[in-house]
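The values are calculated or read from the model by the stated rules, or taken from the named source; none is laboratory data. Values in this document were obtained by computation on a predicted structure and should not be read as measured data. Don't worry about glycine lacking a Cβ; one is built from the backbone with ideal geometry, like all the others, and counts go over all protein chains shown.
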Amino acid sequence: MSWQNIVRQLDHAIREGFTIRPFTLDVFSDVEILIPGSYFCNASSGPIAVNIPPGDSLDGYIINIKKMDPTGNKVVVTSTEGIDGLQEIEICLQYENLQIQFHDGRWHIL
């Protein structure tokens, strides 16, 4: 299922009045984000690469990425569209959080 199909299904469910619980996921290895939500990264076994999807029809969607472990391993967030003009953002400290939102054709750090 494509990212656009998932978004269309979520939008349809919201319009029909369904309650959608915020999505959360514990991450222990490289991940391609498919659904907006919160991603709790544990990089204790090594660095984690997090790839943000193209925004296309995601206006208003928010993604949170948080590093949970105390190790020196980084969580590296990338996007082909860039995030506030950056192709890559490193999260290095335990409990450090990156919150981004897609608006007006690009990802923004909040």
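Please go through segment 37-66 and pick out each residue that is in a loop (DSSP other than H, G, I, E, B), surrounded by 16 or more Cβ atoms within 10 Å (Cβ to Cβ) and in contact (Cβ under 8 Å) with a residue 40 or more places away in the chain.
The answer is Pro53, Gly55, Leu58, Tyr61.
If you go through segment 39-47 one residue at a time, do you hit one that is in contact with a strand residue (DSSP E or B) (Cβ under 8 Å, 6 or more places away or on another chain) and polar (S, T, N, Q)? Before you say what the answer is, go through the steps one by one.
Step one: list which residues in segment 39-47 are in contact with a strand residue (DSSP E or B) (Cβ under 8 Å, 6 or more places away or on another chain), which gives 39-43, 47.
Those still in the list that are polar (S, T, N, Q) too: 42.
The answer is yes; a qualifying residue exists.
Does at least one position in segment 45-61 carry a residue that is in contact with a Cys (Cβ under 6 Å, 6 or more places away or on another chain), closer than 23 Å to His108 by Cα and modelled with pLDDT of 95 or more?
yes
Go through segment 82-108 residue by residue and tally those that are surrounded by fewer than 16 Cβ atoms within 10 Å (Cβ to Cβ) and assigned to a strand (DSSP E or B). Break it down into steps so the answer makes sense when it comes.
Pass one, segment 82-108, residues surrounded by fewer than 16 Cβ atoms within 10 Å (Cβ to Cβ): 82, 84-88, 90, 92-97, 99, 103-106, 108.
With the extra rule that they be assigned to a strand (DSSP E or B), the set shrinks to 82, 86-88, 90, 97, 99, 103, 106, 108.
Number of matching residues: 10.
Step by step: first the residues of segment 76-103, then only those that are in contact (Cβ under 8 Å) with a residue 40 or more places away in the chain and among the aliphatic types (A, V, I, L, M), then the one that is farthest from Ser44 (Cα to Cα). Which residue is that?
We begin by selecting, within segment 76-103, every residue in contact (Cβ under 8 Å) with a residue 40 or more places away in the chain; these are 91, 100-103.
Now restrict to residues that are among the aliphatic types (A, V, I, L, M): 91, 100.
Numbers: Ile91: 13, Ile100: 24 Å.
Of everything passing the filter in segment 76-103, Ile100 is farthest from Ser44 (Cα to Cα).
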